[in-house]
Structure formats: structure tokens, C-alpha cells
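For reference, the structure is listed below as C-alpha cells.
The values are calculated or read from the model by the stated rules, or taken from the named source; none is laboratory data. Since we're looking at a predicted model, the values are computed, not measured. Here the Cβ positions follow ideal geometry from the backbone for every residue, glycine too, while neighbour counts run over all protein chains shown.
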There are 2 protein chains.
Amino acid sequence: MEALVRPIGSIETPYKKLNECPRNIEPNGPVCKLVISKDLIDGLYGLSVGQDILILYWFDNVDRNILQKHSKKTGEFSGVFALRSQNRPNPIGAAIVKIESIENESIYVKGLDCLSGTPLLDIKPAKFSEINR
Amino acid sequence: MEALVRPIGSIETPYKKLNECPRNIEPNGPVCKLVISKDLIDGLYGLSVGQDILILYWFDNVDRNILQKHSKKTGEFSGVFALRSQNRPNPIGAAIVKIESIENESIYVKGLDCLSGTPLLDIKPAKFSEINR
């Protein structure tokens with residue numbers, strides 16, 4: 001089985017280069033914009049300001065064959081499934097963020113850690129809240 | 001941009017038909033098994049029993065063109081990005097579950113809501129905990 005993912009839009013952040021990206025989501029970080037494709041706008045109906053959403057996005061240009069590496073955070077040697085590294089067989093990022101505002105085709109959130117232009121794959125109402133680790 | 005996802009393994013649950021699947025993750029539900037492909041086992045190194053993991057999986061045979069529908073939970077009419085419906089442009093499921101045990105190439109967890117045989121896309125250490133909604 002193989003399946004195709006297609007972006008539902010893209011993410012605008014202040015980061016143009018990988019070394020500018022913060023290592024983690026920053027709840028009070030800079031404002032970022034989720035720009036939804038015009039033909040999918042109807043899918044946003046029912047989302048509201050203040051709501052927590054789980055977003056999934058796609059890390060482009062990473063190494064999908066790496067299986068183990070040293071954690072940037074702890075230095076420990078681990079498998080990629082025990083790390084949040086972008087380099088993984090299916091490089092899908094996940095973040096829970098609060099909707100700051102909704103304007104036209106865009107949702108504004110804070111503190112994402114990815115490059116500007118990152119393809120957005122999905123938005124779901126969150127069932128989870130962040131815990132300290 | 002389009003990208004290919006390839007399963008890293010598959011999920012064994014007690015559910016053979018869609019109408020048997022619970023509507024949500026059940027923290028004390030039946031034991032389910034994440035079977036990892038033999039060539040990716042090294043990626044598990046560092047995961048441990050008791051740890052919360054975020055798993056991503058792929059809903060096969062769904063309608064990726066639906067943009068709005070009635071919530072099965074509340075009856076409300078909503079966009080798919082405001083729902084956890086399986087029918088969505090990129091049908092990726094997300095669940096946070098605790099590792100009950102690890103044996104050979106398999107991770108045992110509890111209470112997943114998907115069909116047996118569902119393709120598994122990713123395992124990440126969780127940064128989030130479930131909240132009541």
C-alpha cells in the first residue's frame with residue numbers, strides 16, 4: 001500500500017531557513033498563518049477562535065531513510081519513532097495550537113516550528129492538550 | 001506538491017467491520033497491536049513501556065472529497081476540518097495511547113478505534129495528553 005497526500009494549503013511562518021526554526025512549538029511565539037486552498041474553504045465551517053486544533057504538515061526535503069540518530073535535545077541515541085525529528089519514514093509534523101483569529105481563507109495561530117511554505121495536510125479539532133515534556 | 005506515504009507497519013484491532021469500531025479512542029478498551037515492518041525495527045529503539053505515544057494511521061476506502069457533513073456525535077453540520085471524521089482530504093488518523101508492552105516487532109496499546117489491518121504511518125513520543133472533549 002502507498003497513498004498520496006495532497007496539501008490542503010500552506011503554512012506561513014517567519015522562518016526562511018532551517019536553522020532559524022525553533023526546536024519546538026512555542027505557545028507564545030510569533031504569529032503564523034494557515035492559508036487554506038480556495039476550493040477547500042468549506043471544510044473550515046464550524047472552527048472558532050480560541051479553539052485548540054491539531055494540525056498535520058509535511059516536512060519537505062528530509063531524509064526518510066534515517067532510522068536512528070542522536071537527539072538534538074538530549075544527545076541520546078534513539079530510534080526515529082522515539083524522537084520528534086523531521087527525518088523519518090513519513091515526515092509528517094503534528095502540532096496542537098490555539099486559533100487566534102480566522103480571516104477569509106486563513107487561520108492565525110502562534111509559535112509553529114516549521115519553514116514558511118510548509119505544506120499543510122490536515123486540521124482537526126484537538127482532543128489533546130500539551131503536557132510538559 | 002504531492003507526496004507518497006508508505007506504511008511503517010499495520011494495526012491489529014478486534015474490529016473487522018466499520019460498524020464495529022468505537023467512535024473514539026477508549027483508554028481502557030481492548031488491547032491492540034502495532035506491528036512494525038521488520039526493516040524499520042531499529043526506529044523503535046528508545047521507546048519504553050508506560051510512555052505515551054502519538055500514532056498516525058491511514059484510513060483506507062474513505063471519501064476524500066467530502067468537505068462538510070453532520071457530526072455523528074452532535075448532529076451539527078460542520079466542515080470536515082472541524083470534525084474528526086475519517087472522510088477528509090488527507091485521511092490520516094491521530095491517537096495518543098500508552099505503551100502497554102513491547103514484544104519483538106510489536107507494540108501493544110489499548111482502545112484504538114480503527115479497523116484491523118489499518119496501515120500505520122508514524123509513531124512519535126507524545127507531547128500532549130488527552131483532554132475531555
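Confirm whether A:Arg64 is at the interface with chain B (Cβ under 9 Å from one of its Cβ atoms), surrounded by fewer than 19 Cβ atoms within 10 Å (Cβ to Cβ) and either closer than 22 Å to A:Lys16 by Cα or under 15 Å from the mean Cα position of the chain (by Cα) (or both).
yes
Please go through the stretch A:15-27 and pick out each residue that is closer than 28 Å to B:Gly79 by Cβ and surrounded by fewer than 18 Cβ atoms within 10 Å (Cβ to Cβ).
A:Glu26, A:Pro27
Out of all the residues in the stretch B:100-111, is one or more closer than 18 Å to A:Leu120 by Cα, out of contact with any Cys (no Cβ under 7 Å at 6 or more places or on another chain) and loosely packed, with under 15 Cβ neighbours inside 10 Å?
no
What are the residues in the stretch A:1-14 that are β-branched (Val, Ile, Thr) and either surrounded by fewer than 17 Cβ atoms within 10 Å (Cβ to Cβ) or in contact with a His (Cβ under 9 Å, 6 or more places away or on another chain) (or both), if any?
none
Determine the pairs where a residue that is of a type in the set (Asp, Glu) and at pLDDT 95 or above, located within the stretch A:1-29, has a partner that is part of a strand (DSSP E or B) and surrounded by 14 or more Cβ atoms within 10 Å (Cβ to Cβ) with Cβ atoms under 6 Å apart, the partner being 6 or more residues away or on another chain.
Final answer for the pair search is A:Glu12/A:Lys33.
For the stretch B:35-60, name all the residues that are within 10 Å of another protein chain (Cβ to nearest Cβ), in contact with a Gly (Cβ under 9 Å, 6 or more places away or on another chain) and part of a strand (DSSP E or B).
Residues satisfying the conditions are B:Ile36, B:Ile55, B:Leu56, B:Trp58.
With A:Val62, A:Val80 as the choices, which residue is without any contact (Cβ under 8 Å) to a residue 60 or more places away in the chain, among the β-branched types (Val, Ile, Thr), out of contact with any Leu (no Cβ under 7 Å at 6 or more places or on another chain) and farther than 18 Å from B:Gly93 by Cα?
Within the list A:Val62, A:Val80, the selection yields A:Val62.
Restricting the search to the stretch B:47-61, which residues are surrounded by fewer than 17 Cβ atoms within 10 Å (Cβ to Cβ) and not polar (S, T, N, Q)?
Hits for the stretch B:47-61 are B:Val49, B:Gly50, B:Asp60.
Would you say A:Lys38 is over 19 Å from B:Pro125 (Cβ atoms) and within 15 Å of the chain's Cα centre (by Cα)?
It is false that A:Lys38 is over 19 Å from B:Pro125 (Cβ atoms) and within 15 Å of the chain's Cα centre (by Cα).
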